[in-house]
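The values are calculated or read from the model by the stated rules, or taken from the named source; none is laboratory data. Here the structure is a predicted model, which is why all the values come from computation and not from measurement. Cβ: placed from backbone, ideal geometry, glycine included. Neighbour counts: every protein chain shown.
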Amino acid sequence: MSDPLVISVDAMGGDHGPSVILPGVAQASAMLGANVRFLLHGDAEQLAAAIRQTPGLLSISEIRPSLGVIPMDAKPAHAMRRGKGTSMWNAVESVKAGEAGAAVSAGNTGALMAISRLALRMIDDLDRPALVANWPTLAGVTSVLDVGANIVCDAQRLVEFAIMGTAYHRAAHKVAQPTVGLLNVGTEHEKGHEEVREADRLLRRLMGDINYHGFVEGDDIAKGAVDVVITDGFTGNVALKTAEGLARFFRAELRATLTANLVAKLGAFVASGALRQMSERLNPSTINGGPFLGLNGVVVKSHGGADARGVANAIRLAANLGGSDIIAEVTRTLARRTPPSVAPLKERTIA
């Protein structure tokens, strides 16, 4: 039997801490099988008590005591200064030390990115990680990046996203040759600002490494027109938050319509099976987990308010990436990209 894959978990992170994280670890273990082990970072007494209430965890987990927890509203700079020894910091350090193949945290996003960048460093000459969203579509799932880590991006950065997104989608969703589209205001070559048009030209030179489709528009994301959609973090974050809001609106309207009167309730009862399937597709827990791409290690961010099932799916994603050669693939392809022709733009980050 091969050595077990070890997943390092910030067991104190998120809105609910161990009460949700540890049941999520147990569910992930059931999904992944016997050859996966977990390092659980946090308050030793709390974790020991929670493990006793979570069947099956004792034999597959090791508690790693931590000094504290980074608050969900802490600034990244504060986390960098005072985060050493916390559950989040130690979870990432386990990847750096080679003890774990991937780390998962539901804690503060900005702090997690800053700590991961400091501890693991970036691949090649990349500047900062890109955050990926798994987007449910008519064709399955589309990977969209960046969704908030890099607000202003030059053409070279967009090309790097395409390289990382291709490797990610292959590892996470098992698609041999993912198609890549560049988000724009139209599909014609003359549309968009100069950085987007330059990225389009550079991506066409990488056709041997990237299965580049060309420009896509906003409505192409939900259609599943391509497997990977590339955009800057400002646009990607706005698109993601808009889609999340529309999903909540749709669910609320549907619930109100189907409970409005007796006839509507009867129709809902008859269609209950189909409605459950639709609800499953729109459930954020099903696709929870967004990795920071570009690091010399695998770190996956779980939504802070995720339930146990959502945590389990974030851990499963981390296991898929931790057991792949995504970092080596990104490194190889970056070495073949066209060198930057313009200086990178000044960047900011959503934290």
Fill in the blank from the handout: Exception for residue 278 within (1) closer than 30 Å to residue 8 by Cα; (2) over 15 Å from the mean Cα position of the chain (by Cα); (3) surrounded by 12 or more Cβ atoms within 10 Å (Cβ to Cβ); (4) modelled with pLDDT under 75 falls at (1)
Practice task
Would you mind stating whether residue 234 is aromatic (Phe, Trp, Tyr), surrounded by fewer than 13 Cβ atoms within 10 Å (Cβ to Cβ) and out of contact with any Leu (no Cβ under 9 Å at 6 or more places or on another chain)?
Solution key: no
Practice task
Working only within segment 154-167, note down all residues that are in a helix (DSSP H, G or I) and of a type outside the set (Lys, Arg).
Solution key: 155, 156, 158, 159, 160, 161, 162, 163, 164, 165, 166, 167
Practice task
Check off (1) surrounded by 15 or more Cβ atoms within 10 Å (Cβ to Cβ); (2) more than 29 Å from residue 309 (Cβ to Cβ); (3) more than 20 Å from the chain's Cα centre (by Cα) for residue 183 and give me the number that stays unchecked.
Solution key: (3)
Practice task
Give the residues of segment 103-128 that are part of a loop (DSSP other than H, G, I, E, B) and of a type outside the set (Asp, Glu), sorted by residue number.
Solution key: 106, 107, 108, 121, 123, 126, 128
Problem - Candidates 91, 100, filtered to the one that is in contact with a strand residue (DSSP E or B) (Cβ under 8 Å, 6 or more places away or on another chain), assigned to a loop (DSSP other than H, G, I, E, B) and of a type in the set (A, V, I, L, M) - result: 100
Problem - Residue selected from segment 95-110 under the condition buried (at least 24 other Cβ atoms within 10 Å of the Cβ) and touching a Ser or Thr at 6+ places or on another chain (Cβ under 9 Å), by the criterion farthest from residue 325 (Cα to Cα) - result: 107
Practice task
Return only the number of the condition from (1) crowded, with 24+ Cβ neighbours inside 10 Å; (2) free of Cβ contacts under 8 Å to residues at least 24 places away in the same chain that residue 81 does not satisfy.
Solution key: (1)
Problem - Breaking point among (1) touching a Phe, Trp or Tyr at 6+ places or on another chain (Cβ under 9 Å); (2) buried (at least 17 other Cβ atoms within 10 Å of the Cβ); (3) of a type in the set (S, T, N, Q), for residue 211 - result: (1)
Practice task
Hey, could you check segment 293-351 for residues that are of a type in the set (Gly, Ala, Ser) and in contact with a strand residue (DSSP E or B) (Cβ under 8 Å, 6 or more places away or on another chain) and say which is modelled with the lowest pLDDT?
Solution key: 323
Exercise for the section: Test residue 249 against the stated conditions and say whether it is at pLDDT 90 or above and surrounded by fewer than 21 Cβ atoms within 10 Å (Cβ to Cβ). Expected result: no
Problem - Hits in segment 15-31 - residues which are among the polar types (S, T, N, Q) and either touching a His at 6+ places or on another chain (Cβ under 6 Å) or within 18 Å of residue 66 (Cβ to Cβ) (or both) - result: 19
Exercise for the section: Considering only segment 6-47, state which residues are touching a strand residue (DSSP E or B) at 6+ places or on another chain (Cβ under 7 Å), of a type in the set (A, V, I, L, M) and surrounded by fewer than 17 Cβ atoms within 10 Å (Cβ to Cβ). Expected result: 44
